[in-house]
Amino acid sequence: GKKLGFTFNHRNLHNISLGQGQEVVAEQALELAAQEGHWVILQNIHLVAKWLSCLEKKLEQLGEGSHRALRVFLSAEPAPCPEGHVIPQGILENAIKVTSEAPTGMQANLHKALDNFSQDTLEMCSQEKEFRSLLFALCYFHAVVAERRRFGAQGWNRPYPFSSGDLSISVSVLHNYLQASSKVPYDDLRYLVGEIMYGGHITDDWDRRLCKTYLEEFIRPEVLEGELCLAPGFPLPGNMDYNGYHQYIDDALPPESPHLYGLHPNAEIGFLTQRSERLLRTLLELQPRECSTGPGAPGGQDDMVQSLLEEMLEKLRDEFNVAELLARLEERTPYAVVALQECERVNALRAELRRSLGELQLGLKGELPMTGSMEALHRSLLLHAVPQLWLSRSYPSTASLGSWFADLLAHISQLEAWSRDFSLPSTLWLGGFFQPQSMLTAVMQTAARRNQWPLDRMELQCEVTKKSREDFASAPREGVYVHGLFMEGARWDAQAGTIAEARLKELTPAMPVLFIRAIPEDRQDTRGLYPCPVYRTRQRGPTFVWTLNLKTKESPSKWVLAGVALLLQ
């Protein structure tokens with residue numbers, strides 16, 4: 001302010017948070033600031049996208065003839081996708097842009113977490129040893145949960161905005177508890193940090209379990225006994241000063257690896273593979289839509305799409321006659337109801353495929369005008385991607401168009417065999433179901449009716465067999481055999497009959513056939529079991545299906561930190 005010839009105080013500053021009709025106030029503040037040389041801070045400009053064009057014009061007008069001390073600061077949240085970039089190009093070109101880049105890697109994250117404190121912080125508690133050890137453990141916890149997001153859905157089912165404020169408040173709570181009590185209240189600290197400070201951001205139950213497991217590993221009595229390793233090869237440091245902790249991080253922290261987060265190295269391979277696939281898909285989408293054809297050259301894009309849709313229409317079979325199936329049905333058992341529901345869903349999808357492909361075929365021949373939906377379908381077929389219109393009528397899938405269509409035909413074949421006499425197939429392919437939850441619920445309903453058990457007090461029991469689907473000739477007397485599942489984050493050791501460490505570069509090994517049946521919940525022995533979530537795809541999150549208990553010789557917490565899950569695709 002002195003260099004610009006004026007004295008800065010609170011009367012020279014206009015701090016306005018946009019939204020809820022504050023645009024007029026912002027324009028008045030800009031007019032006054034241009035005359036008096038004040039500073040204007042406009043926060044959350046991403047919330048007033050329609051007004052930003054007016055702001056751009058206003059700033060352009062104020063660029064000439066205004067007080068030379070005028071300064072305008074704009075802040076906005078980062079856009080989640082390219083379509084969310086709402087700030088006009090004129091503002092971006094004329095502004096000095098400042099961004100806060102998150103650190104990458106465990107070492108940078110751990111240093112940044114410790115930077116929130118000072119030597120004075122370490123000395124402010126009467127229980128100095130306990131406070132310093134637990135503070136460093138909390139810093140490591142914060143670095144782990146912040147950096148784990150780079151592993152995608154295997155890291156966190158959903159992204160969360162963990163910040164340094166969560167860490168600072170957690171340390172303040174730690175200080176207050178230690179000042180008030182001579183004993184360390186580990187349970188209270190884990191609850192407050194895991195359920196409130198950090199847990200307040202978390203919306204997914206499985207992510208909440210992960211956060212709780214980290215705290216159970218880091219906040220426990222072994223912290224004070226010098227026996228706790230925060231990661232393999234990285235023991236919790238003893239009593240040091242502030243600079244000593246920073247030096248310890250540089251000297252003792254192992255090289256960057258998924259092991260620092262409790263994950264298997266395959267997690268990084270999978271994450272980098274998915275990122276590469278997204279990059280290549282984007283490059284493919286940027287290719288020109290028209291390609292020239294000439295002597296000896298392959299057909300144009302329209303010819304490729306025409307050939308593909310003709311092949312798909314030829315392979316689509318006739319729809320199920322649901323009325324006839326109902327007439328042949330002797331008893332509406334839970335399994336039969338599921339089969340009928342799946343037939344109806346398949347019919348709706350096949351009808352949409354025939355309608356949309358038929359329209360596109362006529363459009364390519366020039367007999368119908370090309371609409372926006374037809375253009376989108378054409379583009380999807382060209383990129384071998386499943387059209388969004390079809391996905392909205394089926395189920396979440398990350399497969400290519402060819403794999404998705406092959407899965408649909410396989411599920412139709414499964415339903416055709418099942419609906420002949422409505423007797424259960426020897427093994428069921430759960431991944432083809434539109435609603436796999438309905439099939440698993442039917443297992444519980446059938447057992448409840450047969451044994452007169454209360455349905456709301458039943459659970460599914462899972463036994464992993466040592467056989468493949470070809471080894472089964474008939475369905476079990478109770479429950480179902482299920483095939484076609486995969487494990488991510490670990491593997492199934494068929495000889496030992498337990499979860500085992502994954503082999504390098506085997507990202508999603510196939511599971512043997514599973515025998516699933518329903519039992520009363522009070523008969524379920526949970527000792528030596530890992531509650532394993534089942535998801536439709538590697539995207540996890542909203543594609544959750546069920547929870548199956550799998551045998552383990554290791555502590556279940558190991559598999560929680562490793563992000564072990566079963567996948568239907």
Computed about the Cα centre, the charge dipole of segment 40-176 from +1 Lys/Arg and -1 Asp/Glu charges at the Cβ has a magnitude in debye, to the nearest 20, of 260
Given a 1.4 Å probe, the accessible area of the chain per residue, as a whole number of Å², is 52
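Taking all protein chains together and a probe of 1.4 Å, list VAL337, VAL24 from the most accessible to the least accessible. Don't jump to the answer; show the numbers that get you there.
On the way: VAL337 40, VAL24 90 Å².
These residues rank, largest area first, as VAL24, VAL337.
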Taking max minus min of the Cα coordinates of the chain on each principal axis, largest first, gives extents in Å of 90, 70, 50
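Where both residues lie in the chain, what percent of DSSP beta bridges are antiparallel, nearest 5? Before the final figure, lay out each step's value.
Working: 26 of 39 bridges.
Restricted to the chain, the bridges split so that about 65 percent are antiparallel.
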Partner aspartates and glutamates whose C-alpha sits under 15 Å from that of LYS466, ignoring same-chain residues fewer than 8 away, are ASP493
For the pair TYR191 and LYS365, the simple spin-label estimate (label points 7 Å beyond Cα toward Cβ) gives in nm 7.1
Of the residues ILE87, LEU55, VAL40, the Cα lying farthest along the dipole of segment 2-94 towards its positive end, which is defined by charges on the beta carbon of Lys, Arg, Asp and Glu, belongs to VAL40
With +1 at each Lys and Arg Cβ and -1 at each Asp and Glu Cβ, the charge dipole magnitude of the chain around its Cα centre, to the nearest 20 debye, comes out at 360
Contour minus Cα-Cα span, TRP453 to ARG523, at 0.36 nm per residue, comes to 24.0 nm
For the table LYS315/LYS365; LYS129/LYS558; LYS505/LYS558; LYS315/LYS467; LYS57/LYS97; LYS212/LYS505, the rows whose alpha-carbon distance is greater than 23 Å are LYS129/LYS558; LYS315/LYS467; LYS212/LYS505
Ranking GLY563, PRO542, ALA510 by how far each Cα lies towards the positive end of the charge dipole of segment 426-568 (+1 on Lys and Arg Cβ, -1 on Asp and Glu Cβ), the top one is ALA510
Residue span SER438 to GLU222: 0.36 nm per residue of separation minus Cα-Cα distance leaves a gain in nm of 73.2 nm
Trypsin sites (Lys or Arg not before Pro) in segment 379-474 lying in a DSSP loop, each with at most 13 other Cβ atoms within 10 Å of its Cβ, come to ARG420, LYS466
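With r defined as the distance between the Cβ atoms of GLU314 and LEU391 and R0 fixed at 22 Å, what FRET efficiency is calculated, to the nearest 0.05?
On the way: r = 22 Å, r/R0 = 1.01.
Result of the calculation: an efficiency of 0.50.
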Taking R0 as 30 Å and r as the Cβ-Cβ distance between ASP241 and ASP205, the FRET efficiency 1/(1 + (r/R0)^6), rounded to the nearest 0.05, comes to 0.15
Relative contact order of segment 2-94 (C-alpha contacts under 8 Å, at least 6 apart) in percent is 31
Restricting to Cα pairs under 8 Å and 6 or more apart, the percent relative contact order of segment 301-423 works out to 31
The relative contact order of the chain, taking Cα pairs under 8 Å that sit 6 or more residues apart, comes to a percentage of 11
For GLU352 and ALA410, extending 7 Å from Cα along the Cα-Cβ vector and measuring point to point gives, in nm, a value of 2.1
Distance in nm between ASP115 and MET304 label points, each 7 Å along Cα→Cβ, equals 4.7
For HIS201, HIS411, HIS246, the accessible-area ranking with a 1.4 Å probe, largest leading, is HIS201, HIS246, HIS411
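If you roll a 1.4 Å probe over the chain with all protein chains in place, what percent of the accessible area is carbon or sulfur?
Details: 14990 of 29800 Å².
Carbon with sulfur: 50 percent of the solvent-accessible area.
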Length gained, ILE169-GLU31, 0.36 nm per residue minus C-alpha separation, equals 45.7 nm
One finds, for PHE73 and SER555 with R0 = 45 angstrom and r their Cβ-Cβ distance, a FRET efficiency to the nearest 0.05 of 0.35
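The values are calculated or read from the model by the stated rules, or taken from the named source; none is laboratory data. Since the structure is predicted, the reported quantities are computational estimates derived from the model, not experimental observations. A quick note on method: Cβ atoms are made from the backbone with ideal geometry, for glycine too, and the neighbour counts reach across all protein chains shown. The area values use the complete protein model at the heavy-atom level, side chains included, leaving out ligands, DNA and RNA. Shrake-Rupley method; radii C 1.70, N 1.55, O 1.52, S 1.80 Å.
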